[in-house]
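S.K.: To start, I am sharing the structure in question, which I have written as structure tokens.
The values are calculated or read from the model by the stated rules, or taken from the named source; none is laboratory data. Because the structure is predicted, anything quoted here is derived from the model rather than measured. Neighbour counts run over all protein chains shown; Cβ positions are idealised from the backbone, glycine included. Quick note on the areas: whole protein, heavy atoms, side chains included, nothing else; ligands and nucleic acids left out. Shrake-Rupley method; radii C 1.70, N 1.55, O 1.52, S 1.80 Å.
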Amino acid sequence: MFFASDNGGPVHPQIMQAIAAANDGHVLSYGNDPLTQQAVEMIRELFEAPEAVVRLVATGTAANALILSTMAQPWQTIFCTPLAHIHADECNAPELFTGGAKLTLTGTDGAKMTPDTLGQAITRIGWRGINAPQPGAVSLTQVTEMGTLYTLDELKALSAIARAHDLPVHLDGARFANACAALGCTAAEMTWKAGIDAVSFGGTKNGCMAVEAAVFFDPAVAREFDLRRKRGAHLFSKHRYLAAQMQGYLQDGLWLDLARMANERAAQLATGLRAAGVDFVCEPQANMIFARLPRSEHQRLMSGGGVYYTEDGDPWHGPDDEMLMGRFVCDWSVTEDDVDRFLQLVTG
Ligand SMILES: Cc1ncc(COP(=O)(O)O)c(C=O)c1O
């Protein structure tokens, strides 16, 4: 009954096998090996972008911060939501890697921004001249940090606003596969066809061991990214093991199958919680559910073996009847039985 994070699950056997298969003999290091080239080509094919620059790193924070460092200068600002992982959960890595660019927060509803909130945030800063932070880039998250989704039209509308102000758009796709599975769209439709310039394409949360791809649709940034990745200590020498994960992940559509499995388990959990009268903070759309329960109920569920986090308060200290927001995340390995057992616990 593990719903704490989609990082908490095991590596999928197909990916483990790909790593084991790569573990033979000598190859050139730092990404100059055939497996890296193969993984790059598979990602280009997935995104229908033969010219895309694809680089592998081991964490989502590295992918986000390094991509953003190529998009924003130290005197600029990056527009994101208050709940954006780059703002709330990366210990200021984007500010560090950009050499001091700041983040400007806009939008809140379900961790999304709207064309209006984004447009207003840009114009509020943009007209002020040399004393103000200069608009630099826009960063969106899909699936959002609240488990919601931007529709393709919403992504297009936001990137159109960014484009009107000459700003590039980054997509934090730590849960990219879950979003594609939920929207039933292609990787290309959710990125460059919707005006996205670069994406952090996640693997770790969806069955890989530790790999994310930075994908740029403008090849001009390749050299700068490479220098920044090395200087930022994120160029792996034994690169084939990152590549092997991506190759195993993409082989035969595994990436999408795993995301569908995770989304289905979250839908099963949401249906059961709803039937039990539990209130959702926002409508679950992929593999994460945010639900309000009294502290005493969290204590009962956690003592009964449910593993998950509360987001806005300590579940063990405070008034019994205080409502706390629980975060329930399903990864590919959560079973129907896990969800059933947890729901039995909920209904007592
Ligand atoms: C929205 C989002 N972006 C990025 C990440 C990547 O984080 P990490 O650097 O821990 O791999 C996460 C992981 O929690 C996330 O939820």
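S.K.: What does the charge add up to near residue 50, with Lys and Arg as +1, Asp and Glu as -1, over the other residues with Cβ less than 12 Å from its Cβ?
M.R.: Neighbour charge sum, excluding residue 50 itself: -3.
S.K.: What is the Cα radius of gyration of segment 255-347 over 2.2 N^0.38 Å, N being its residue count?
M.R.: In units of the 2.2 N^0.38 Å rule of thumb, it is 1.05.
S.K.: Name the most mobile residue of 175, 229, 295, meaning the one with the largest mean-square fluctuation, in a Gaussian network model of the chain with Cα contacts below 10 Å.
M.R.: In this elastic network of the chain, the residue with the biggest mean-square fluctuation among 175, 229, 295 is 295.
S.K.: How far is the Cα center of segment 200-228 from the Cα center of segment 30-84, in Å?
M.R.: 3 Å
S.K.: Taking K and R as +1 and D and E as -1, what net charge do the other residues with C-beta under 12 Å from the C-beta of residue 224 add up to?
M.R.: Net local charge, residue 224 excluded: +4.
S.K.: Along segment 148-156, what does the Karplus equation 6.51 cos²θ - 1.76 cosθ + 1.60 (θ = phi - 60°) give for ³J(HN,Hα), rounded to whole Hz, x for Gly and Pro?
M.R.: After applying 6.51 cos²θ - 1.76 cosθ + 1.60, I find 9, 10, 7, 6, 4, 5, 5, 4, 5 Hz.
S.K.: Right, next: So who's got an amide H within less than 5 Å of the one on residue 134, skipping anything under 5 residues away but keeping other chains? H placed 1.01 Å off N, in plane.
M.R.: It is 76, 77, by chain and number.
S.K.: What dipole magnitude, in Debye to the nearest 20, does the chain give about its Cα centre under +1 on Lys/Arg Cβ and -1 on Asp/Glu Cβ?
M.R.: 900 debye
S.K.: If r is the Cβ-Cβ distance from residue 321 to residue 163 and R0 is 35 Å, what FRET efficiency results, to the nearest 0.05?
M.R.: Details: r = 49 Å, r/R0 = 1.40.
Once the sixth-power term is evaluated, E becomes 0.10.
S.K.: Just to confirm the filter: which GluC sites (Glu not before Pro) across segment 1-71 are DSSP coil and have at most 12 other Cβ within 10 angstrom of their Cβ?
M.R.: For GluC sites (Glu not before Pro) across segment 1-71 that sit outside H, G, I, E and B with at most 12 neighbouring Cβ atoms in 10 Å, the list reads 51.
S.K.: Which whole-number percentage describes the relative contact order of the chain, with Cα contacts under 8 Å and a sequence gap of 6 or more?
M.R.: Relative contact order here is 25 percent.
S.K.: Just in segment 245-346: which chymotrypsin sites (Phe, Trp or Tyr not before Pro) are loop by DSSP and have at most 12 other Cβ atoms within 10 Å?
M.R.: 316
S.K.: Compute the Rg to Rh ratio over segment 123-268 from the alpha carbon atoms, using the Kirkwood formula for Rh, and round to two decimal places.
M.R.: Result for segment 123-268 is an Rg/Rh of 1.01.
S.K.: State the percent of C-alpha pairs, over all pairs in segment 40-144, separated by a distance greater than 18 angstrom.
M.R.: Numbers: 2906 of 5460 pairs.
So the pairs more than 18 Å apart make up 53 percent of the total in segment 40-144.
S.K.: Moving on. Simple spin-label model, 7 Å along Cα-to-Cβ: residue 226 to residue 299 in nm?
M.R.: With each label point 7 Å from Cα toward Cβ, the separation is 5.9 nm.
S.K.: How much accessible surface does residue 69 have with a 1.4 Å probe, in Å² rounded to 10?
M.R.: The accessible area of residue 69 comes to roughly 0 Å².
S.K.: While we're on this one: Given the options 119, 93, 80, identify the residue whose Cα lies farthest towards the positive end of the charge dipole of the chain (+1 on Cβ of Lys, Arg; -1 on Cβ of Asp, Glu).
M.R.: Selected residue: 93.
S.K.: Projected area of the chain, taken from the Cα convex hull and averaged over every viewing direction, in nm²? Before the final figure, lay out each step's value.
M.R.: On the way: hull surface 71.7 nm².
Spelled out: convex hull of the Cα atoms, projected over all directions, averaged, 17.9 nm².
S.K.: Taking the Cα centre of segment 15-140 as origin, work out the dipole magnitude from +1 charges on Lys and Arg Cβ and -1 charges on Asp and Glu Cβ, in debye rounded to 20.
M.R.: That gives segment 15-140 a dipole magnitude of about 560 debye.
S.K.: Can you give the relative contact order of segment 255-347 as a percent, counting alpha carbon pairs under 8 Å and 6+ residues apart?
M.R.: Working: 133 pairs, mean separation 34.3, N = 93.
Averaging sequence separation for qualifying contacts and normalising by length gives 37 percent for segment 255-347.
S.K.: Let me ask you something else. Once fully extended, how much extra length lies between residue 283 and residue 252, figured as 0.36 nm per residue of separation less the alpha-carbon to alpha-carbon distance?
M.R.: Details: separation 31, 0.36 × 31 = 11.16 nm, distance 3.11 nm.
So the chain would gain 8.0 nm between residue 283 and residue 252.
S.K.: Could you identify which residue out of 26, 87, 298 has the top mean-square fluctuation in a GNM of the chain using Cα springs shorter than 10 Å?
M.R.: Answer for the Gaussian network model of the chain: 26.
S.K.: Can you pull the percent of the chain's accessible area that's carbon plus sulfur, 1.4 Å probe, other chains left in place?
M.R.: 52 percent
S.K.: Still on this structure: When the helices in the chain are scored as -39500 (n - 2.57) per DSSP H run of 4 or longer and the sum is shared across all residues, what 222 nm value do you end up with, to the nearest 500 deg cm²/dmol? Kindly include the intermediate steps, with their values, before the conclusion.
M.R.: Numbers: 13 runs with 141 residues, N = 348.
Calculated at 222 nm, the ellipticity per residue is -12000 deg cm²/dmol.
S.K.: On a 1.4 Å probe surface of the protein chains, which of 193, 205 comes out largest in accessible area, and what is the full order?
M.R.: Output order, biggest surface exposure first: 193, 205.
S.K.: Looking at the chain, send over the antiparallel percent of its DSSP beta bridges, to the nearest 5.
M.R.: On the way: 21 of 38 bridges.
Antiparallel bridges: around 55 percent, rounded to the nearest 5.
S.K.: Let me ask you something else. For a Förster distance of 30 Å, can you work out the FRET efficiency between the beta-carbons of residue 218 and residue 45, rounded to the nearest 0.05?
M.R.: Taking R0 as 30 Å, the efficiency between residue 218 and residue 45 is 0.95.
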